[in-house]
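Below is one structure, written out as structure tokens; comments come after it.
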Amino acid sequence: MASMQSAMNFLKRRFSDNNFNANLPNGYMVDAEEEEEEEQETSGPSSLQSSVASITGKVFPAVQQQAQSNRQNAGQRASTGQQHSGVSTSGGGFFASLASGNPLAALKPDNQDKYKLILVIDDQHTDWSKYFKGRKLHDEYAIKVEQAEFSEISLSGHSFEGTTVDINCLRNGHRVVKSFKPDFLLIRQAARSMAAGEDFCNLIIGLKYGGVPSVNSLHSQYNFMDKPWTFSQLIRIQKKLGYEKFPVIEQTYYPSHKQMVTNLIFTTI
């Protein structure tokens with residue numbers, strides 16, 4: 001290795017010596033330079049092409065990978081935008097519910113209409129919910145029962161939106177407040193009695209105003225609040241069918257107690 005290194009140093013010094021170049025034959029260095037230029041011209045384009053191909057081979061995969069990554073990101077953004085637009089424009093979406101005037105529509109569960117609500121107006125001696133437990137209407141709608149007395153109910157009736165009932169009562173020592181729209185009524189309590197403040201004619205009218213179906217009908221409930229009115233309907237039926245087919249007890253009606261006179265025929269109302 002030492003001898004080779006010394007030989008290389010000798011050649012370097014030898015070729016760098018001006019005297020050595022001067023002793024070369026005429027045209028030797030020119031021919032060598034021309035051959036070198038020809039080699040550069042010949043190998044130039046191919047080397048340039050190989051360099052370009054090398055650079056292209058390195059750059060294009062990176063560019064293609066970046067373009068593919070950009071397309072994937074764009075697809076994800078588009079799908080995310082579609083999801084957001086679906087939430088905002090779907091029929092059950094929050095903004096659509098604002099447009100419909102009911103912001104709570106988006107909070108309604110899908111099975112909101114899978115039950116029917118029955119309002120039972122009766123005292124607490126009878127638990128009506130146990131009679132409807134596990135039963136369905138048309139094998140599709142479950143039955144939900146709300147029970148209260150007339151004195152525990154307030155309401156508002158609308159000609160288009162129906163009747164909204166509010167319950168404010170005590171159950172097992174706790175205050176219970178509810179608001180709902182009944183689908184059906186079961187009335188098991190008299191709407192009017194002889195006790196003070198036991199006249200709930202206004203509630204019957206409000207339920208009738210909202211068109212809530214009932215058993216017995218609200219029309220009959222209203223008629224039965226006045227016993228003389230009810231008896232007058234019986235007299236009408238008797239006159240139509242005849243006494244033999246439709247007998248009723250004879251009665252006498254007075255608008256007030258001041259107009260009552262001795263009457264040997266009972267019953268007197």
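Would you point out the residue of the stretch 105-119, among those that are assigned to a strand (DSSP E or B) and out of contact with any helix residue (DSSP H, G or I) (no Cβ under 8 Å at 6 or more places or on another chain), that is modelled with the lowest pLDDT?
Tyr115
Determine which member of the set Arg175, Arg188 is among the charged types (D, E, K, R) and surrounded by 11 or more Cβ atoms within 10 Å (Cβ to Cβ).
Arg188
Quick one: would you say Phe132 is open to solvent by 80 Å² or more (accessible area, probe 1.4 Å) and either closer than 27 Å to Ile205 by Cα or at pLDDT below 95 (or both)?
For Phe132, the condition - open to solvent by 80 Å² or more (accessible area, probe 1.4 Å) and either closer than 27 Å to Ile205 by Cα or at pLDDT below 95 (or both) - is not met.
Give the stretch 162-210 a look and list any residue that's under 31 Å from the mean Cα position of the chain (by Cα), under 27 Å from Lys227 (Cβ atoms) and part of a loop (DSSP other than H, G, I, E, B), or say none.
Once the filter is applied, which keeps residues that are under 31 Å from the mean Cα position of the chain (by Cα), under 27 Å from Lys227 (Cβ atoms) and part of a loop (DSSP other than H, G, I, E, B), the stretch 162-210 yields only Gly210.
Within the stretch 137-155, how many residues turn out to be touching a helix residue (DSSP H, G or I) at 6+ places or on another chain (Cβ under 9 Å) and surrounded by fewer than 13 Cβ atoms within 10 Å (Cβ to Cβ)?
Result for the stretch 137-155: 0.
Hey, among the residues in the stretch 197-233 that are open to solvent by less than 60 Å² (accessible area, probe 1.4 Å) and among the aromatic types (Phe, Trp, Tyr), which one's farthest from Leu185 (Cα to Cα)?
Going through the qualifying residues, I end up with Phe231.
For the stretch 117-135, which residues satisfy the criterion of being without any contact (Cβ under 8 Å) to a residue 40 or more places away in the chain and of a type in the set (Phe, Trp, Tyr)?
Matches in the stretch 117-135: Tyr131, Phe132.
The values are calculated or read from the model by the stated rules, or taken from the named source; none is laboratory data. Note that the structure is a prediction, hence the values are computed from the model and not measured. Quick reminder, even Gly has a Cβ in these numbers, built from the backbone with ideal geometry, and neighbours come from all protein chains shown. Keep in mind that these areas ignore ligands, DNA and RNA; they rest on the heavy atoms of the full protein, side chains included. Shrake-Rupley method; radii C 1.70, N 1.55, O 1.52, S 1.80 Å.
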